[in-house]
Every structure is written in structure tokens, then in C-alpha cells.
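The values are calculated or read from the model by the stated rules, or taken from the named source; none is laboratory data. If you're wondering where the values come from, they're calculated on a predicted model, not measured in any experiment. Note: ideal-geometry Cβ built from the backbone for every residue, glycine included; neighbour counts use all protein chains shown. Accessible surface areas use protein heavy atoms only, side chains included; no ligands, DNA or RNA. Shrake-Rupley method; radii C 1.70, N 1.55, O 1.52, S 1.80 Å.
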Amino acid sequence: MKSLTNLGLYLHIPFCKRKCAYCDFYSAIFTKEVAENYITALKREIKQWGGKINRPIDTIYFGGGTPSLIAEYLPTILECVRSNFRVLKDTEITLEINPQDNIEDILKFAKTAGVNRLSIGAQSGDDSELATLGRTHTVSDTSHAFKTARKLGFSNISLDLMLGLPHSTTASLNKSLDFLLTLGPEHISAYILKIEPNTVFYKNEQSLVLPDEDNVCDQYLFMCDYLEKSGFSHYEISNFAKSGYESRHNLKYWNCEEYLGLGPSAHSFLDGKRFYYPRDLKGFISGNTPIPDGLGGDKNEQIMLALRLKNGVKLEKINHNKATLFAKNGLGIIENGKFSLTDNGMLVSNQIITELLEN
């Protein structure tokens, strides 16, 4: 009998105290009444899917929004998951959190529930940059949240960082990196600011003093060099980890493995098919069903996702001549029958991937 492959479970928590100026993720303003109705609906979906899927779960990820806003419900949510799915003993359970006033209570609920990995939304090591982003925390809050997590026994902590912020330079990025590394995380996720429609930054883009493209590229390459010299492996375009601390859940996405996503805007890849829940909180609570999004996991998709990873793809699967040319120009590396992108190549990955998939 063919063994069942392990599945990742993503749980979307669509609540925020307020919307950050750059964010286009689906979220709604938090109220306790709506949150309780949502948790009831989320448990309903967990039970329904648990009855359909006979697959072991080995990663669980609480994303948002701001999942830490519903921290008091984490024990009952995870109890529901364990009652309806076969959750493996060494399952990676990640909670996204924002530094905030009641952080100790939040972390205690997380610890009680069995969360064993934290992703803290630090974003910057400069208070003026945090204010520009519309964040509600300070650098001191981030430090307090991290140190509190350590005291409570969390040994796998990731910090988020943003590049290309208004008025930013490599010098300001250096300051943020110094701050993050002083804390001592196992993982760092670093994202270049992108101005998305329907955000405050989009509406006010003309007034933003953004660094030019060359400056942003300099920031990215500076960060890659800085983190790699500090003992972090650049294992994915936007992610760096100490050895053994790569995000197991996110690796499922990039390795084209299957996962189930529950909640408004949550996407899934299951039994070769992709589907998602509409960006509709009230509809989810009322019981709307996921929308089909076609088949997934074909050869081109596998290559596209794998090229985000340091591990790369087998040379035989892509345009060999183009790969050789990119390697000669310092954008890729050909080694042991595989092609992978360099840090410079990752900056223009979309263009490179498109050309490598030709013919």
C-alpha cells in the first residue's frame, strides 16, 4: 500500500487592531464577538475537513492578520485539530505574533497550546521606520517580546524584516540587521517593500520618498552578504536560517508539496488541485465553500517554485543554454547537475525563470 504523504495545515486569522500602511493581506478589524464567531466557524471547517482527509499533519501555521489577537483560543483550536487530524509528534507549529502590551499572556497561551515556532513581525530596528509603516510597536517592544519568548522556552524564533522602506539606505538597513542579530534569532524572513493597490502607501505613493531600484538592489545584496557572514543560510529568495531551522511549513509551498488552508483568502493544494476560500469573513462564518483554482504541481510550476530555493533544479529540466549563459553572467550556479540562482540572480528571478522555461 502506498504511504500517505504528510500534509501542511494553514489557519488564517483575519484580524488586526488596525491596517498597516503597506499591507494588502485580507484582514478585518478585531472585535471579540466577531472573533468568537470566527473561531466557531474555523472549528467547523477543521471538523469537516478532518473527516474527509486521511493524511498525517506535520506542519501547522497560524497566519494573518494578527493571529496573536486570538491567543486565548489557541489551545481549543489546536485541540480541535488534534481531535480531527492525525497530528504527528514532531509537528512544527508556527504562530505569527506582533510585539504588543500583553505579550507574556499571548506567549503563555501559545506555549500551553503546543506552539513551538514563533514568527515575530519586527520589520525594522528603527522607530521612525516603524511609525512610517503604521506599525503599533516600537523597537523596544520587539526586544521585550523576543526576550520574553526565550524566557518561556521558545527555541525556534523567526524575525520579519522589510527592505526598501521610505528614506531607507544600506546604512539604515545595517542598523536594523545589527538589532535583529543582537537578539539572536534562528531565522529571518526579509521582504522588499512592494506598493500594493488598496493600501495607504498606494494612495499616498506620490508623497513617499522611496529608494530607487539600484539602492534597493544594493540593500538586498548587502543583507544577503551580512546574514551569510553571520551564519545564516540563504535557503530561499526571502528567507535565511541557521542550520536546521528552515521553515518546514513554507518549504512545502516551494517544494510543491500539498497543504490545506482554512479561512477567508486561504489557499490549498490538495490531491493535485488548487482551491481557495473567498476574501469574505462574513461568508466564511456563514459557511461558504472554497473556489476551485485549477490543477497544480505541473512541471513548470515545480521548476518555478524550486528556483526560489538555494537547492535549485536539475539542469535537465530547464533550457540548458540559457542556464549556462546566466551562470556565466553571475546570475546562477551550475553544480552537481543542478542550476540555482545566486543572490544577484534572485533579484531578477522572475525574468530568469521565464527564460529558463522556454522550450
Roughly how much of R279 is accessible, in Å² to the nearest 10, using a 1.4 Å probe? 140
Per residue and in Å³, how big is the convex hull formed by the alpha-carbon atoms of the stretch 202-247? 97
Value at 222 nm in deg cm²/dmol, rounded to 500, when DSSP H runs of n ≥ 4 in the chain each add -39,500 (n - 2.57): -11500 deg cm²/dmol
Residue span T324 to K19: 0.36 nm per residue of separation minus Cα-Cα distance leaves a gain in nm of 105.3 nm
For M223, solvent-accessible area (1.4 Å; no DNA, RNA or ligand), Å²: 0
Using only alpha carbons, build the gyration tensor for the stretch 205-359 and give me the equivalent ellipsoid semi-axes, biggest first, whole Å. 31, 22, 17
With label points set 7 Å from each Cα along the Cα-to-Cβ direction at D293 and S155, the distance between them in nm comes to 3.5
So what J values fall out for the stretch 55-64 if you push phi through Karplus, 6.51 cos²θ - 1.76 cosθ + 1.60 with θ = phi - 60°, rounded to Hz, Gly and Pro as x? 10, x, 9, 10, 9, 10, 10, 9, x, x
Taking amide H positions as placed 1.01 Å from N in the peptide plane, with prolines and chain starts having none, which residues 5 or more places from T342, or on another chain, fall under 5 Å of its amide H? G332, I333
Near G272, within a Cβ-to-Cβ distance under 10 Å, what is the net charge of the other residues, with Lys and Arg +1 and Asp and Glu -1? -1
For G64, enumerate residues with amide H under 5 Å from its amide H, sequence gap 5+ or separate chain, H modeled in the peptide plane. I13
How much length is gained on full extension from R279 to N215, taking 0.36 nm per residue of separation minus their Cα-Cα distance? 19.6 nm
Quick one: check the C-alpha center-to-center distance for the stretch 210-228 versus the stretch 97-153, whole angstrom. 25
Springs between alpha-carbon pairs under 10 angstrom, Gaussian network model over the chain: which of I53, I237, I303 fluctuates most? I53
Rounded accessible area per residue of the stretch 215-266, 1.4 Å, Å²: 34
Carbon-plus-sulfur fraction of the accessible area of the chain, 1.4 Å probe, in percent? 49
Once Rh for the chain is found with the Kirkwood sum over Cα pairs, what is the Stokes-Einstein diffusion coefficient at 20 °C and 1.002 mPa s, in µm²/s? 100
Rounded, prolate or oblate: which fits the stretch 1-121, taking a ≥ b ≥ c as square roots of the Cα gyration tensor eigenvalues, rounded meaning a/c under 1.5, else prolate when a/b beats b/c? prolate
List the residues whose amide H sits under 5 Å from the amide H of G125, counting only those 5 or more places along or on another chain, with H placed 1.01 Å from N in the peptide plane. S176
Please calculate how many Å² of accessible area the stretch 276-317 carries per residue, with a 1.4 Å probe and no DNA, RNA or ligand atoms counted. 62
Which FRET efficiency value, to the nearest 0.05, is calculated for Y202 and K111 with the Förster distance at 45 angstrom and r the Cβ-Cβ distance? 0.75
